[in-house]
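A.B. asks: Below is a structure I'd like to ask you about.
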Amino acid sequence: MNILVINGPNLNMLGIREPDVYGRTTYEELEAFVKAALTEAGAQGEVWQSNYEGAIVDKIQAAYGNYDGIVINPAAYTHTSVAILDALKAVGIPTVEVHLSDVDAREEFRRHSFVSLAAEKTIKGKGFEGYREAILYLAELAEKNKK
Ligand code: DQA
């Protein structure tokens, strides 16, 4: 099982950006947490971040045939990007959408997600733990599909 974990714009600023919303833990700590969750799930994978919409589209396209699952926190592109939605639909890889914060409890514009239309599941407001849940969900799904 090979899982690609994609983080969108400004997530590299974790620990510095809006600590009242995102906490004080850093992006490096998130990476370490996600890698530990991959190991726990018996999965392999990559944790990757970009601030660029096109780079995220390229990364999703390159996942075709190479990954069994995608965990994505598209960050601000969640609410704007038809291109990321279309890329996820194009590759058809089971995807879980994750948000650190509870986007439904924030500004109105954060309530709509294009990416949700291609995701099996969306996890919001659980902090780092949301990534772990997403990885375990994808690992279980892959196990079920094997049978
Ligand atoms: C976010 C929520 C988005 O609305 C925001 O633009 C982000 C992070 C989250 O993880 O809570 O950058 O995806």
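The values are calculated or read from the model by the stated rules, or taken from the named source; none is laboratory data. The model shown is predicted, which means the values in this text are computed figures rather than measured ones. All Cβ positions, glycine included, derive from the backbone under ideal geometry; neighbour counts span all protein chains shown. Only protein heavy atoms, including side chains, enter the accessible area calculation; ligands, DNA and RNA are left aside. Shrake-Rupley method; radii C 1.70, N 1.55, O 1.52, S 1.80 Å.
A.B. asks: For the stretch 134-147, give me each residue that is open to solvent by 60 Å² or more (accessible area, probe 1.4 Å) and part of a helix (DSSP H, G or I).
C.D. replies: Kept after step one, since they are open to solvent by 60 Å² or more (accessible area, probe 1.4 Å), are these residues of the stretch 134-147: 137, 140, 143-147.
Once the filter is applied, which keeps residues that are open to solvent by 60 Å² or more (accessible area, probe 1.4 Å) and part of a helix (DSSP H, G or I), the stretch 134-147 yields Tyr137, Glu140, Glu143, Lys144, Asn145, Lys146.
A.B. asks: Considering the stretch 71-95 alone, what residues qualify as being within 13 Å of the ligand (Cβ to nearest atom) and either in a helix (DSSP H, G or I) or closer than 22 Å to Phe33 by Cα (or both)?
C.D. replies: Val71, Ile72, Asn73, Pro74, Ala75, Ala76, Tyr77, Thr78, His79, Ile84
A.B. asks: Contact list please: Cβ distance under 6 Å, first residue in the stretch 111-133 and outside any strand (DSSP E or B) and more than 10 Å from the ligand (Cβ to nearest atom), second residue open to solvent by 40 Å² or more (accessible area, probe 1.4 Å) and modelled with pLDDT of 95 or more, pairs at least six apart or on different chains.
C.D. replies: Taking only residues 6 or more apart or on different chains, the pairs are Phe114/Val82; Ser116/Thr122; Ala118/Lys89; Phe128/Phe33.
A.B. asks: Anything in the stretch 10-19 that is part of a loop (DSSP other than H, G, I, E, B) and under 23 Å from Leu138 (Cβ atoms)? List them, or say none. Break it down into steps so the answer makes sense when it comes.
C.D. replies: Applying the first criterion (part of a loop (DSSP other than H, G, I, E, B)) to the stretch 10-19 yields 10, 14-18.
Within the stretch 10-19, just Leu14 meets the criteria.
A.B. asks: Check off (1) open to solvent by 20 Å² or more (accessible area, probe 1.4 Å); (2) touching a helix residue (DSSP H, G or I) at 6+ places or on another chain (Cβ under 9 Å); (3) within 16 Å of the ligand (Cβ to nearest atom) for Pro19 and give me the number that stays unchecked.
C.D. replies: Evaluating Pro19 over (1) open to solvent by 20 Å² or more (accessible area, probe 1.4 Å); (2) touching a helix residue (DSSP H, G or I) at 6+ places or on another chain (Cβ under 9 Å); (3) within 16 Å of the ligand (Cβ to nearest atom) leaves (2) as the failure.
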